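Below is one structure, written out as structure tokens; comments come after it.
The values are calculated or read from the model by the stated rules, or taken from the named source; none is laboratory data. Computed from a predicted structure; not experimentally measured. So basically every Cβ, Gly included, is an ideal-geometry build from the backbone, and we count neighbours across all protein chains shown.
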Amino acid sequence: MLSSERLRPFFFPKSVVIVGDSETPGRPGNIVLSNLKNADFQGKIFPLHPEGQSILGLPSLRKLQDIPQEYRPVDLAILVPPSSLEPEAIDDLAGIPSRAVLVMGGRREKSRPGAFPEKEIKAKAEKHGLLMLGPESLGLVNTRGRLHALPVFSNPKAGGIGFFSESGALGLALLDWAGKEGMGFSAFVSLGNKAMLDESDILAYLADDPETRVIAGCLGSITRGRRFLHAALPASRRKPIILFRSGHTASGSRAASSNSGALFDPDLAYEAIFKQSGVLRAEKLEDVFLLARSFASQPLPQGPGVGIITNCGGAGIVAADACENAGLNLSALSAETFARLKDFLPPFASFFNPVNMTEAADEEAIRRTLEAVLADRSVQAAIIVLMPTAVFPSERLALSLLSALSPRKDKPVLCCFMGGQNVDNAHRLLEKAGFPCCRFPEEAAASLAAMYKYSRWRLAPLPVEICYRRDLSRARKVIDEARGFHMIRLAEFQAQELFQAYEMPLLKTRLARTSEEAVQISRQFKQAVALKIASPQIYPKTDVDGVLLDLKNPADIRNAFMDITARAKRLRPEAHIAGCLVQVMAPREAREAVVRFRRTERFGTLVMFSLGGIHLEVFKDITCRLVPLSLDDAGGMIREIHAFPLLSGLRGAKSANLNALEDILLIMSQMAQDFPEIEEAECDPVLVSEQGALVADMRVILSKQELQP
């Protein structure tokens, strides 16, 4: 990531030049110039005009070369159409020179009119040492620096939310909506096509920005998963990060078509990155700012206990349901709190949680109730749900709340005025005073749940990576031998050798090249065995009926060997048949799991976990993380699947050995780090029981070119 100092020319430029049409009213360049002027930008502004006429009262220059020497290099150049559609403009800027360039026009698609090759403009910028935002960025705002470089007439209010968006139009729409709701911003950045600067760079900058209390964003994609993780992980320890990602459904992004690809649904990768980096994921667009508003204005809750205060019993019940659904607890108020409430509330009020003050509650009752509930040690946060009445309209209730809320700074309090036009003034009063006000209790409960989740994340110890013992020279020999034969897929007996080098717990398995050798191996195992076809070209083995189970006497083993090998040769004559693998039968009470890692160009290497069978193929009950895995990552992956009760012990069943499963996940993570030439590796099935976990079958695929983990 670039340092904050490197990005400073974008946010605190001392000089700005607008390249393109800035004289025509209504054109982007003219609007940007007007916004810079109206924001009282303190730096020097250089608009260009071929005849040197003043624009909006500002003197202009005929060409870039006319910029005085004392203002060179120019901190920020803004390319607006039509100049932004000309790659040569980058060369012109290099002649001044410039430090940073914001490209508002241009398109990635070569087939569209006015497009230019994005790689060309990026290469030019890199050649000249220019930092570039865009192309197709719609600008940026820094309220502290009085920089307002947007091609729309708006005036974002100063505040603590730093916001970036991949979609410029969507970002501007959200900025406008949030402004209407009274939210303030420290910065806004339209990322555009992210040819050079991307979400990781902006996120790292906002983490260092003293004016930014909350980082929020809307993304369609993450450019590089590992890079984002390295930026977001330290940032989230300092400030909450709230992101919405579009394109997470089957319609929004094309799902993988193969079975192995289906395991790596891109949205699983995003979910993994967010979890490992501490990012809070917003489920809906509006949630981005509803959450950001609460984080920016309220302290974090120190526990899940919530006290609910209302003047309507029905609304209190709705709020209680919302808290439970969000994973929060309704605090059991103490006897002392009960006695305090009984002193001033009418006898027909409800003194338990939710506390129903009834519609007769006046300003004094609201103030004293809030004080009593917040003073209770079991309450870490409060939700106030109020309904206007004929005697107490919403404005009067809001003013009484403000007098009670202002002295409190130690516990978060979220307000909820339910209604339409009758509560608009109350919302405005509370928002203006810096107290978030929700339309419905569900919004308040979801915000508190996110705040509590984040408070736990900040207090949790940093993840500890685990390095497992392995024989690297033995493992390297297996890989090099396969490479020497130009193999892409390892035969199972080769994969066995590789996994043994990592001390992976395997079912006892040996390669038999003849039927008699299979009998001898089974006698050494002294228990029922399975026979599996051994061929690097045949996968899955069931395609040739290449697996026979529960074989006990020598005659059955001989016949099974002959049947399997003969059928494989007949159905797959091109395949090399090495013989059969003889494997002891798995414990009958074992449950099947699948562990796999796969490399992706965008995200890096992902490790996956699922139970086998329909849990994987039908329900897609899968979790994943980026390597390297920590111990917490491995434990979290296992416990996150919906079918986890099948492992933890359901209806009296014995719990599976979860530590053994964690070991397999961590070993796979270690292997992925050690051998970047392994593109994909799979343990399927992993047979897990109370005693432990054993890998029964495995698959290893080498990449055609080495990729980084």
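Looking only at the range 494-505, decide whether some residue is in a loop (DSSP other than H, G, I, E, B) and polar (S, T, N, Q).
no
Would you point out which residue out of I533, I488 is under 38 Å from the mean Cα position of the chain (by Cα), at pLDDT below 95 and aliphatic (A, V, I, L, M)?
Result: I488 is the single residue among I533, I488 that is under 38 Å from the mean Cα position of the chain (by Cα), at pLDDT below 95 and aliphatic (A, V, I, L, M).
Name the helices (runs of 4 or more DSSP H) wholly within the range 196-303 that hold at least 3 residues that are in the same structural domain as F11 (by TED's automatic domain parsing), at pLDDT below 95 and within 26 Å of M104 (Cβ to Cβ)?
none
Collect the residues in the range 357-414 that are of a type in the set (V, I, T) and closer than 26 Å to L300 by Cα, keeping them in residue-number order.
Matches in the range 357-414: I366, T369, V373, V379, I383, I384, V385, V413.
Evaluate the following for K44: is it charged (D, E, K, R), over 14 Å from K124 (Cα atoms) and modelled with pLDDT of 90 or more?
In short, yes.
Identify all residues within the range 330-360 that are modelled with pLDDT under 95 and in contact with a Pro (Cβ under 9 Å, 6 or more places away or on another chain); write none if there are none.
Listed by number, the residues that qualify are M357, T358, A360.
Check the range 177-190 and report whether any residue there is part of a helix (DSSP H, G or I), surrounded by 23 or more Cβ atoms within 10 Å (Cβ to Cβ), more than 15 Å from the chain's Cα centre (by Cα) and not acidic (D, E).
yes
Considering only the range 513-561, state which residues are hydrophobic (A, V, I, L, M, F, W, C) and assigned to a strand (DSSP E or B).
V529, A530, L531, I533, A534, V547, L548, L549, L551, listed by residue number.
F597 - would you say it is among the aromatic types (F, W, Y) and either closer than 25 Å to K654 by Cβ or at pLDDT below 95 (or both)?
Criteria not met by F597.
Any chance the range 375-388 includes a residue that's part of a helix (DSSP H, G or I) and more than 32 Å from the chain's Cα centre (by Cα)?
Looking through the range 375-388, at least one residue is part of a helix (DSSP H, G or I) and more than 32 Å from the chain's Cα centre (by Cα).
If you take the residues of the range 26-53 that are β-branched (V, I, T) and in a helix (DSSP H, G or I), which of them is surrounded by the most Cβ atoms within 10 Å (Cβ to Cβ)?
V32
Which one of R456, R489 is in contact with a strand residue (DSSP E or B) (Cβ under 7 Å, 6 or more places away or on another chain) and among the basic types (K, R)?
Answer to the selection: R489.
Kindly indicate whether any position in the range 203-215 is touching a residue at least 12 places away in the same chain (Cβ under 8 Å) and closer than 26 Å to A94 by Cα.
yes
Among the residues of the range 9-25, is there at least one that is at pLDDT below 95 and assigned to a helix (DSSP H, G or I)?
So far as the range 9-25 goes, no, none of its residues is at pLDDT below 95 and assigned to a helix (DSSP H, G or I).
For the range 562-604, how many residues are of a type in the set (F, W, Y) and either over 43 Å from the mean Cα position of the chain (by Cα) or in a loop (DSSP other than H, G, I, E, B) (or both)?
Of the residues in that region, 1 qualify.
Considering only the range 449-462, state which residues are surrounded by 15 or more Cβ atoms within 10 Å (Cβ to Cβ) and of a type outside the set (D, E, K, R).
Passing the criteria: A449, A450, M451, Y452, Y454, S455, W457.
Within the range 397-426, count every residue that is acidic (D, E) and in contact with a Ser or Thr (Cβ under 9 Å, 6 or more places away or on another chain).
The qualifying residues number 1.
Just name the residue that is nearest to the chain's Cα centre (by Cα) out of those in the range 1-53 that are acidic (D, E) and under 18 Å from D66 (Cβ atoms).
Here the answer is D21.
Restricting the range 72-91 to residues that are part of a loop (DSSP other than H, G, I, E, B) and either modelled with pLDDT of 80 or more or of a type in the set (G, A, S) (or both), which is farthest from G145 (Cα to Cα)?
P81
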